[in-house]
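Written out below as structure tokens is the structure these notes cover.
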């Protein structure tokens, strides 16, 4: 996931990966790096969840925000040996503290994120659909989400906040489709496996973050019970 113009232009000539011949080593390295990053993030989160004081929340949130702006908006990717570990550790530490505030909601968001990512990934690999057409929506959604981040301080209506976070969830679901599609098609032959894994990691973390906020707002406004409870 990157809103950097070079990243959004990566939908050139497709080079489909053959279905036969076993697992492609390039693909195996991508998903091995991704799984390792998720495991380290989970371990870091467990440590901060049990050991870190609440006062760490604010500085971690600031560091996380800086990394999202640098990596998500401006496409900071080099050196990958620094960027990827820093993002994993800061994200894991922050999520560990966020899990303390609403454990049930956090757990629900985490399971839904894993299930959604697995489902979307399987869909892309099975269907082999070219999702480069999503690039326009991803560009537009960036500006809508950016505008919403300011408007939310002025608009108190629950429907606005629910809709804004729902847009964030949808956007990162589309990023999963787009980035996975690029991997399947080998749309960027120069992209190494660490960067490809990092793109998917950003997609997962972004989806989880927006889904967590969406579920939290549903609970706050009481909408959850209207949808889930029977009269």
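The values are calculated or read from the model by the stated rules, or taken from the named source; none is laboratory data. The shown structure was predicted, so the numbers you read here are calculated from the model rather than taken from an experiment. Cβ placement follows ideal geometry from the backbone for every residue including glycine, while neighbour counts extend to all protein chains displayed.
Can you find a residue in segment 44-57 that is assigned to a helix (DSSP H, G or I), in contact (Cβ under 8 Å) with a residue 24 or more places away in the chain, under 24 Å from residue 218 (Cα atoms) and under 17 Å from the mean Cα position of the chain (by Cα)?
No, segment 44-57 has no match at all.
State all residues of segment 162-192 that are touching a helix residue (DSSP H, G or I) at 6+ places or on another chain (Cβ under 7 Å), more than 19 Å from residue 127 (Cβ to Cβ) and at pLDDT below 90; if no residue qualifies, say none.
188 - this is the single residue of segment 162-192 that is touching a helix residue (DSSP H, G or I) at 6+ places or on another chain (Cβ under 7 Å), more than 19 Å from residue 127 (Cβ to Cβ) and at pLDDT below 90.
Is it true that some residue in segment 173-184 is more than 19 Å from residue 41 (Cβ to Cβ) and surrounded by fewer than 16 Cβ atoms within 10 Å (Cβ to Cβ)?
The answer is no; no qualifying residue exists.
Which residues, counting only those in segment 69-80, are without any contact (Cβ under 8 Å) to a residue 40 or more places away in the chain and assigned to a helix (DSSP H, G or I)?
Across segment 69-80, the qualifying residues are 69, 70.
If you check residue 166 against the conditions, is it surrounded by fewer than 18 Cβ atoms within 10 Å (Cβ to Cβ) and either touching a strand residue (DSSP E or B) at 6+ places or on another chain (Cβ under 9 Å) or touching a residue at least 12 places away in the same chain (Cβ under 8 Å) (or both)?
In short, yes.
Only one of (1) surrounded by fewer than 19 Cβ atoms within 10 Å (Cβ to Cβ); (2) over 30 Å from residue 222 (Cα atoms) is not met by residue 71, so which one is it?
(1)
I'm trying to understand the selection: among the residues of segment 99-120, which are surrounded by 18 or more Cβ atoms within 10 Å (Cβ to Cβ) and within 16 Å of the chain's Cα centre (by Cα)?
Answer for segment 99-120, where residues must be surrounded by 18 or more Cβ atoms within 10 Å (Cβ to Cβ) and within 16 Å of the chain's Cα centre (by Cα): 106, 109, 113, 116, 117, 120.
Scan segment 148-157 and give yes if some residue there is touching a residue at least 40 places away in the same chain (Cβ under 8 Å) and either crowded, with 19+ Cβ neighbours inside 10 Å or in contact with a helix residue (DSSP H, G or I) (Cβ under 9 Å, 6 or more places away or on another chain) (or both), otherwise no.
no
Kindly list the number of the only condition in (1) farther than 14 Å from residue 195 by Cα; (2) in contact with a helix residue (DSSP H, G or I) (Cβ under 8 Å, 6 or more places away or on another chain); (3) at pLDDT 90 or above that fails for residue 83.
It fails just one condition, (1).
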